[in-house]
1. State which helices in the chain qualify, where a helix is a whole DSSP H run, it must extend 18 Å or more along its own axis by its Cα atoms, and its mean Kyte-Doolittle hydropathy must be at least 1.6.
2. Would you count, across region 69-142, every pair of lysines whose alpha carbons are under 17 angstrom apart, provided the pair is eight or more residues apart or spans two chains?
3. With charges only on Cβ, +1 for K and R and -1 for D and E, what is the dipole size of the chain about its Cα centre, in debye, rounded to 20?
4. In Å³ and rounded to a whole number, note down the convex hull volume per residue for the Cα atoms of the chain.
5. Could you give the nm distance between label points at Ser27 and Lys106, where each point is 7 Å from its Cα heading toward the beta carbon?
6. Using alpha carbon centroids, what distance separates region 40-78 and region 99-119, in Å?
7. Ordering Asp65, Asp86 by accessible area with a probe of 1.4 Å, largest first, what comes out?
8. Given a 1.4 angstrom probe, I'd like the percentage of the accessible area of the chain that is carbon and sulfur, rounded to a whole number.
Amino acid sequence: MKLSWLEIKDTQKIINLYGDGFADGWSKKMLEEAFLTKRFLALGISDENELVGVITCSTTLFDADIESVYVKKEFRKQGLGGLLIDGLEKELKDKNIEKIFLEVRKSNLPAQNLYIKHGFDKISERKNYYSDGEDAVIMAKEMSR
């Protein structure tokens, strides 16, 4: 397995990965526009030359918002989500980010447990956040220096 930073030229690889079943994935155009902002980061994990996981994030001056963490079904429960989170956090620390936020489906307990394991705390909920009406749990992590 290999971690690498993705660029706008990798947008189709991300879309193909999301096509594996990530219902809340972004469109190709949305991803390309995000890359153009220069505040968007995407870290991928590959098996051989196949992208099997990705974490995406948008940053401001001192905060970051994790947009998605996705690992292909047959590669789950192997610690890849944790590797992606750790890799992103290292980069965010280098950028002097102080706090990371994310939203996760209220029903997605495995993801919530992963985030808790990596130091995130539940701070609130957003009602009807997702297009299907499901609530989101808002989580945050203070970055230590």
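The values are calculated or read from the model by the stated rules, or taken from the named source; none is laboratory data. Note that this is a predicted model, so its numbers are computed, not measured. When we count neighbours, we look across all protein chains shown, and the Cβ atoms used for this are built from the backbone with ideal geometry, even at glycine. Side chains included, ligands, DNA and RNA excluded: accessible areas come from the protein's heavy atoms. Shrake-Rupley method; radii C 1.70, N 1.55, O 1.52, S 1.80 Å.
1. Helices passing the filter in the chain: none found.
2. 14
3. With only Lys, Arg, Asp and Glu charged at Cβ, the dipole is about 160 debye.
4. Given the Cα convex hull of the chain, per-residue volume reads 110 Å³.
5. 2.9
6. Distance between centres, Cα-based: 14 Å.
7. Order by accessible area, largest first: Asp86, Asp65.
8. 50
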